[in-house]
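Down below is the structure, laid out as structure tokens.
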């Protein structure tokens with residue numbers, strides 16, 4: 001007997017990933033998009049033109065942008081994890097947004113897990 005997990009979410013999800021690309025499954029499951037450049041993914045949108053600074057240069061305005069997405073968790077995936085400065089983390093905390101930074105693979109898996117739990121989450125992937 002074959003078992004498979006039924007996808008109960010109507011959210012963008014990660015279909016696959018490697019060190020240089022991420023394949024995103026659309027919310028309606030009708031198409032996939034392969035990303036090889038930095039992007040922001042939330043349950044209902046894929047942002048390919050960064051409206052924010054690069055991860056290493058996040059500032060308080062970037063925290064405000066993520067607050068506008070109505071998220072509770074921000075996952076940042078990078079090949080080499082670099083930590084955000086303390087003042088930026090404080091700003092995210094004041095906005096009631098948890099921030100997790102991790103390698104790309106871990107970030108993709110964590111994003112899929114959190115959306116399966118119905119959490120409001122955004123994923124930032126920076127391949128550099």
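A short reminder: the numbers here are calculations on the coordinates, not readings from a lab. From a predicted model like this one, the values you see are computed outputs, not experimental measurements. Counting neighbours? That spans all protein chains shown, and the Cβs are built from the backbone with ideal geometry, glycine included.
Beta-bridge orientation, the stretch 13-125: approximately 55 percent antiparallel, per DSSP, counting only bridges with both partners inside. For the chain, the longest principal axis of the alpha carbon atoms and the long axis of helix 104-116 meet at an angle near 70°.
For residue 15 and residue 128, the difference between the fully extended length at 0.36 nm per residue and the C-alpha to C-alpha distance is 38.6 nm.
Legend: calculated FRET efficiency, residue 48 to residue 113, from the Cβ-Cβ distance at R0 = 25 Å, rounded to 0.05, equals 0.60. Going by neighbour counts of Cβ atoms within 10 Å, the residues 102, 35 line up, fewest first, as 102, 35.
Using a/c under 1.5 as the rounded threshold, could you call the chain rounded, prolate or oblate? The axes a ≥ b ≥ c are square roots of the C-alpha gyration tensor eigenvalues, and prolate needs a/b larger than b/c, oblate otherwise. It comes out prolate by the Cα gyration axes. In the calculated pair-distance distribution of the stretch 36-110, the portion above 14 angstrom amounts to 61 percent of the Cα-Cα pairs. GNM remark for the chain: springs join alpha carbons under 10 Å apart, and the peak mean-square fluctuation among 43, 88, 97 falls on 88.
For the stretch 13-125, the relative contact order is 29 percent, taking Cα pairs closer than 8 Å that sit 6 or more residues apart in sequence and dividing their mean separation by the residue count.
Inter-label distance, residue 94 to residue 81: 2.6 nm, where each label sits 7 Å from its Cα along the C-beta direction.
Descending by average beta-carbon neighbour count within 10 Å, the peptides 21-30, 116-125 line up as 116-125, 21-30, the highest first.
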